[in-house]
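Encoded as structure tokens, the structure appears first; notes follow it.
The values are calculated or read from the model by the stated rules, or taken from the named source; none is laboratory data. Note that the structure is a prediction, hence the values are computed from the model and not measured. All Cβ positions, even for glycine, are placed from backbone atoms using ideal geometry, and neighbour counts span all protein chains on display. All accessible areas refer to the heavy atoms of the entire protein, side chains included, with ligands and DNA or RNA removed. Shrake-Rupley method; radii C 1.70, N 1.55, O 1.52, S 1.80 Å.
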Amino acid sequence: MDRLAIDFGTSNSAAAVFAGGAVRRLPVEQGAETLPTAVFFPEGGGAMRIGSAAGAALIGGEEGRYMRALKSVLGVPLFHEKRLIEGKRRTLADVVTAFLVQVRERSEEFTRARFTRALSGRPVRFHEDAEKDAQAEADLRGCYLAAGFEEVEFMPEPEAAARACQSMGQAGGVGLIVDIGGGTSDFTVFRSGAEVEIVASHGIRLGGTDFDRVVSVAEVMPLLGMGSELRREFGPGLLPVPRAVFVDLATWAKIPFLYAPDVRREVAGMVKLAVEPERLGRLARVLEDELGHELAFAVERGKIAANDAGEGRIGMGMVAPGLAAELSAARMGEVLGEARAALGAAAREVLAQAGVAPGDVRRVVLVGGSSLMGFVEAEMRGVCGDAEVLRSEAFTAVVDGLAIAAG
């Protein structure tokens, strides 16, 4: 048992092995089979924390640097740029490597085995661009090797999920895996028999963190000044407030880089020229007090509440007392309409690649944390008509399938 299955996800990660004829998920976090893909570097030094411990440090108000959604920057130059992170110059590749080291060490400690090989999940496409996609896999491979693995192989995540879910629902026939993760959405058409047959796979760069970003830009950022205007420093007339800082603040992976002195100076200058200085003053406070991740968590909670209960509330009291953005299910459906349409188009595309008519799909299996959004199921029912729609183990189906393949 020297081969470890790892699902390194945008939002959550997991590890498992195949032993004794069964999948054995490993408690890479105490009392849990998954852990948030997040890290925290304490101010002034100290050991890097990962998973829930990283989130607890952030919410507890400890001074330091919190980072999440690191998978989304694989394949882009930012991944290899050195940045000053709590007193030490690091690349994001260094951070991902350190995260994988802890996953490997925790797995070895629990199993008392030495893992020299890894079978890792990967999205069907990290990026739409083929060159960036190849670079992303090369980046992740380099992190695994630097983390102490001697060999790493990759399997598309929805194909792994198909292996774990092939026995769900009606036996035999054509099935469709719909894997909506934190940063990508993947689709696999399969046939199940004595063994699962992968017919076609397709993926797009769209996931739960994108849902958060779209909701944040539409509902939260206007309360921080997006869409308002600035007086010209010289001469008459008004200028629109630049959007870039708001889009970055709504993007999980980019939040830590907004706390740089030059960004704070730029926003302070905008406050002085603002037609509505109160709103832009809130943005300045978010950057000064480093509240970006707290705001992102509030958006995530509001999104989930609107999905589950029909009404959500994005509390922004950390920015200003009583400040909040109300979010109904209907409004969220309107805001995420383009994302829903993109998922439907991707599902139709993989069926076309497989040469399968939508009416021939007997079951649709939903995988991934973001597949819990109601509009995902509704869209897939619209695509596949009378197919049975099933929910797998949302957060562990991929790692289960990887373990089966690794075994």
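Protein heavy-atom accessible surface, 1.4 Å probe, per residue over the stretch 12-146: 44 Å².
Between the residues Ala325, Gln353, Ala268, the greatest Cα displacement towards the positive end of the dipole of the stretch 266-380, with unit charges on the Cβ of Lys, Arg, Asp and Glu, is found for Gln353. Taken over the stretch 279-394, the percentage of Cα pairs per 10 Å bin, counting from 0 up to the bin with the maximum distance, is 12, 33, 27, 16, 9, 2. Per the Kirkwood formula on distinct C-alpha pairs, the Rh of the stretch 1-141 is how many angstrom? Computed over the stretch 1-141, the radius equals 16.0 Å. Taking 0.36 nm per residue of separation and subtracting the Cα-Cα distance, full extension of the segment from Ala244 to Thr91 would add 52.8 nm. Counting lysine pairs in the chain that sit 8 or more residues apart in sequence, or on different chains, and whose Cα atoms lie under 24 Å apart gives 10. Sorting the segments 81-93, 210-222, 286-298 by their mean number of nearby beta carbons within 10 angstrom, highest to lowest, gives 210-222, 286-298, 81-93. Whose amide H sits under 5 Å from the amide H of Ser328, counting only residues 5 or more places off or on another chain, with H placed in the peptide plane? Amide H neighbours of Ser328: Gly312.
For Val174, the amide hydrogen comes within under 5 Å of the amide hydrogens of Arg362, counting only partners 5 or more places away or on other chains and with H modelled in the peptide plane. For the chain, the longest principal axis of the Cα atoms and the long axis of helix 374-384 meet at an angle of about 50 degrees.
Starting from the Cα gyration tensor of the chain, take the square roots of the eigenvalues, sort them a ≥ b ≥ c, and report rounded, prolate or oblate (rounded when a/c is under 1.5, otherwise prolate if a/b is larger than b/c, else oblate). Oblate. Round to a whole angstrom and tell me the spacing of the C-alpha centers of the stretch 128-160 and the stretch 285-335. With the stretch 128-160 and the stretch 285-335 each reduced to a Cα centre, they are spaced 34 Å.
A Förster radius of 22 Å, combined with the Cβ-Cβ distance separating Gln170 from Ile304, puts the computed FRET efficiency at roughly 0.10. In this simple spin-label approximation, Ala19 and Glu229 carry label points 7 Å from Cα along the Cα→Cβ vector, and these lie 6.7 nm apart. Placing Leu343, Leu390 in order of accessible area, with the largest value first and a 1.4 Å probe, yields Leu390, Leu343.
Of the solvent-accessible surface of the chain, computed with a 1.4 Å probe over protein heavy atoms with every protein chain present, carbon and sulfur atoms account for 50 percent.
Derived scalar couplings between HN and Hα for the stretch 361-366 equal 6, 8, 8, 10, 10, 8 Hz in order, rounded to whole Hz, by the Karplus curve 6.51 cos²θ - 1.76 cosθ + 1.60 (θ = phi - 60°), x for Gly and Pro. Accessible area ranking (1.4 Å probe, heavy atoms, ligands and nucleic acids excluded), largest first, for Arg381, Arg331, Arg122, Arg265: Arg265, Arg381, Arg331, Arg122.
Taking the average, over residues, of other Cβ atoms within 10 Å as the packing measure, peptides 239-245, 48-54 rank 48-54, 239-245 from highest down.
The magnitude of the dipole of the stretch 251-332, with charges of +1 and -1 set on the Cβ of Lys/Arg and Asp/Glu and taken from the Cα centre, is near 140 debye. Just so you know, the averaged projected area of the alpha carbon convex hull for the stretch 166-305 sits at 11.6 nm².
What residues of the stretch 375-396 lie in the reach of a label at Ala357, counting those whose backbone N is under 16 Å from a point 7 Å from the Cα along Cα→Cβ? So the set is 383-387.
Other residues with beta-carbon under 13 Å from the beta-carbon of Arg265 carry, at +1 per Lys or Arg and -1 per Asp or Glu, a net charge of -1. Magnitude of the charge dipole for the chain, about its Cα centre and with charges confined to Cβ atoms of Lys, Arg (+1) and Asp, Glu (-1), is about 480 debye. Under 12 Å from a point placed 7 Å out from the Cα of Glu377 along the Cα-to-Cβ direction: which residues of the stretch 172-214 have their backbone N that close? None, by backbone N distance to the label point. Diagonalising the gyration tensor over the Cα atoms of the stretch 87-201 and scaling each eigenvalue by 5 before taking the square root yields semi-axes of 30, 19, 11 Å, largest first. In this simple spin-label approximation, Leu84 and Glu131 carry label points 7 Å from Cα along the Cα→Cβ vector, and these lie 3.3 nm apart. Note on the stretch 289-367: with charges restricted to the Cβ of Lys and Arg (+1) and Asp and Glu (-1), its dipole about the Cα centre is near 440 debye. For Ile304, the accessible surface of its heavy atoms amounts to roughly 80 Å² (probe 1.4 Å, protein chains only, rounded to the nearest 10). Residues whose amide H falls under 5 Å from that of Leu390, counting only those 5 or more places apart or on a different chain, are Val364, Val365, Leu366, with hydrogens built in the peptide plane.
Working ranking of peptides 131-139, 55-63 by packing, defined as the average number of other Cβ atoms within 10 Å per residue, highest first, is 131-139, 55-63.
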